[in-house]
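The values are calculated or read from the model by the stated rules, or taken from the named source; none is laboratory data. Remember, predicted model here, so these are calculated numbers, not experimental data. We place every Cβ from the backbone using ideal geometry, glycine too, and count neighbours over all the protein chains shown.
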């Protein structure tokens, strides 16, 4: 049983998300006010549309290893612990998948939501460029170099170069290892 605590802004929003998650087998869901949420045992914290002050306090006070799923506009700076960001209108299946991915140690990002990306960290030899992040997203979707080139309007040689740079910067020997590292670091979404 995976323990979740749901907290955040308007009580009706928190209750709605909690009810949606309660319908998912294998999840134990509790709700709490933002000032109490961090004192409850949880394997994943779900923060629903918090006011800016609550979001900042939660981001600062949350235990370093506690995965946090942000729903709505607020998504404080990137954390080392797994973090996710989805829109408030995310469906039950998407919420459940995000919670399970966070509990498994992955970062989660809705491509339409703006989750701050970790541009560089101790796991990267140097920051990825914006173009490399675009290539990385397509690489994570399983596209070959030629397909990446077509999607971005670049040559196959250029796509191959970007993929090689991603492998070097992530310290990966294979494309699969690079994607695994990118998911762990929050550089690519599910």
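Within region 59-73, track down each residue that is in contact (Cβ under 8 Å) with a residue 40 or more places away in the chain and part of a loop (DSSP other than H, G, I, E, B).
Listed by number, the list holds a single entry, 72.
Go through region 140-162 and report how many residues are touching a helix residue (DSSP H, G or I) at 6+ places or on another chain (Cβ under 6 Å) and closer than 15 Å to residue 180 by Cα.
Result for region 140-162: 1.
Mind listing whichever residues of region 27-65 are under 14 Å from residue 83 (Cα atoms), touching a strand residue (DSSP E or B) at 6+ places or on another chain (Cβ under 8 Å) and surrounded by fewer than 12 Cβ atoms within 10 Å (Cβ to Cβ)?
none
Modelled with pLDDT under 85 and not assigned by TED's automatic domain parsing to the domain that holds residue 181: is that true of residue 59 in this structure?
Considered against the rule, which asks whether it is modelled with pLDDT under 85 and not assigned by TED's automatic domain parsing to the domain that holds residue 181, residue 59 comes out as yes.
Each row is one residue, and each column tells you yes or no for (1) at pLDDT 85 or above; (2) in the same structural domain as residue 17 (by TED's automatic domain parsing); (3) surrounded by fewer than 18 Cβ atoms within 10 Å (Cβ to Cβ).
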| residue | (1), (2), (3) |
| --- | --- |
| 97 | yes, yes, yes |
| 152 | yes, no, yes |
| 155 | yes, no, yes |
| 164 | yes, no, yes |
| 173 | yes, no, yes |
| 179 | yes, no, no |
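Being assigned to a helix (DSSP H, G or I), within 26 Å of residue 86 (Cβ to Cβ) and within 22 Å of the chain's Cα centre (by Cα) is the filter here; which residues of region 142-190 pass it?
Within region 142-190, 166, 170, 176, 178, 179, 180, 181, 182, 183, 184, 185 meet the criteria.
Answer yes or no as to whether residue 21 is closer than 20 Å to residue 101 by Cα, in contact (Cβ under 8 Å) with a residue 60 or more places away in the chain and either more than 16 Å from the chain's Cα centre (by Cα) or not in a strand (DSSP E or B) (or both).
yes
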